[in-house]
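Here the structure comes first, spelled out in structure tokens, and everything after it is commentary.
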Amino acid sequence: MMKNRLVPIGVLAGILVVGLLGGCAGSGGAREQVIAAGLAQLGAPYRYGGEDPATGVDCSGLTYYAHHAAGIAIPRVSSAQRTHARARSGRRARPGDLVFFRTAPGVHHVGLMVDEERFVHASTSRREVRLARLDAPYWRARYLGAGTYLD
């Protein structure tokens, strides 16, 4: 007899995203792969300097991992990710784009947009990878802009 097993939320999210994106034109493209890889890490532990979801990721480690999972090389740290990304004008980040924040003097944070309103990021306050809303007062007040490595 098979025992019931709990499936980690990150795995469920990844399956859901892949299923939802499967019906899109151009499914399996780099943008969709980056989003799926980022969402699959929901619940992964936060670890400063980490870039492996099995042992923990920090914010730029998560975005680095998601892009590399899709075969896209990006810098490892958030400030370099922002410097080298193609800037998106205004507040119009697209799913798959990176969003950048200044959370304290000299401290930057990065997340990965998963839809028109939410981004996935490695949260220091919750000590895990989670979703947040770009229009939440905390993030809106700290928003620096968006950039992309995707077409």
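Rule-based calculations on the coordinates, nothing more; no lab input. From a predicted model like this one, the values you see are computed outputs, not experimental measurements. FYI the Cβ positions are ideal-geometry reconstructions off the backbone, even for glycines, and counts take in every protein chain you see.
The ranking of I72, I35 by Cβ neighbour count inside 10 Å, starting from the fewest, reads I72, I35.
For the range 62-151, averaging the sequence separation of C-alpha pairs within contact (under 8 Å, six or more residues apart) and dividing by the residue count gives a relative contact order of 32 percent. Sequentially through the range 30-45, phi angles give Karplus couplings (6.51, -1.76, 1.60; θ = phi - 60°) of 4, 4, 5, 5, 5, 4, 4, 5, x, 5, 5, 9, 3, x, 4, x Hz, Gly and Pro residues having no value and appearing as x.
With the cut-off at under 17 Å, measuring from each backbone N in the range 123-151 to a point 7 Å along the Cα-to-Cβ line of D115 picks out 130-136. Normalising the average separation of contacting C-alpha pairs (under 8 angstrom, six or more residues apart) by the number of residues puts the relative contact order of the range 107-151 at 23 percent.
Applying the criteria of a DSSP loop state and at most 10 other Cβ atoms within 10 Å to the GluC sites (Glu not before Pro) of the range 101-135 yields E116.
The modelled label-to-label distance between T83 and H68, using points 7 Å beyond Cα along the C-beta direction, is 1.9 nm. Taking other C-beta atoms within 10 angstrom as a stand-in for reagent exposure, S78, S123, S89, S60 fall in the order S89, S123, S78, S60, fewest first. Annotation: amide H-H contacts under 5 Å for S123 (H modelled 1.01 Å from N, sequence separation of 5 or more, or interchain): E128, V129, R130. Exposure proxy ranking for D58, D151, D115, based on other Cβ atoms within 10 angstrom of each Cβ and starting from the fewest, stands as D151, D115, D58. For the range 47-53, the Karplus equation 6.51 cos²θ - 1.76 cosθ + 1.60, evaluated at θ = phi - 60°, returns couplings of 8, 4, x, x, 9, 10, x Hz by residue, with Gly and Pro reported as x. Label zone of A136 (point 7 Å out along Cα→Cβ, amide N under 20 Å): in the range 101-119 this covers 101-105, 107-119.
Among the trypsin sites (Lys or Arg not before Pro) in the range 93-151, those located in a DSSP loop and surrounded by at most 14 other Cβ atoms within 10 Å of their own Cβ are R126, R127.
Over the Cα atoms of the range 33-120, the radius of gyration divided by the Kirkwood radius equals 0.93; this is the Rg/Rh ratio.
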